[in-house]
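*Asks:* Right, I'll just put the structure down here and ask away after.
Derivation of every value follows stated rules applied to the coordinates shown; laboratory data play no part. Source: prediction; values computed, not measured. Cβ placement follows ideal geometry from the backbone for every residue including glycine, while neighbour counts extend to all protein chains displayed.
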Amino acid sequence: MQFQINRQLELFRIQEDSHLIYRGDQNVIVLRYLQRRVAARPKQLRNHIRRVYLAIKSRDSEHLTGALIDLILVLHGRGRYLINRMLDQSKPLLQPAHLRLMRQVTDSGNIERLRTLSQGESVLSNGGMPLAVAL
């Protein structure tokens, strides 16, 4: 019972937290929450960044890959510097082939190439990958 109360309190706290990097200990719960926030409001870049950082902190390569795919999709050819920075920080957790492909997609803007990656934890590409999510 206390565990469930703590989980709920943590979700309230994360909504008010102004930091990009989550400082609590409920990583899985907050990661799922951020995943839902990205799905509900894909234009809010802050949620994407928080999700990437939390996936790195959690050392969860599946969530990290999905979060990076969603970030690349939502920026659709823009934000190269930001994406490259996120990729640099994610490098130890990504498969080399995935990292290489994400860099190529970022440089070329050809998001269709992301289809070759596992879309498991991506929430913006489920089923049919959108060509663009307008900001």
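*Asks:* Work through the residues other than S108 whose Cβ is under 15 Å from its Cβ and net out their charges, Lys, Arg +1 and Asp, Glu -1.
*Replies:* Around S108, the surrounding residues sum to +4.
*Asks:* Once you order the gyration tensor axes a ≥ b ≥ c over the Cα atoms, which shape class does segment 27-135 get: rounded for a/c under 1.5, otherwise prolate or oblate by comparing a/b with b/c?
*Replies:* Taking the square roots of the gyration eigenvalues as a ≥ b ≥ c, segment 27-135 is rounded.
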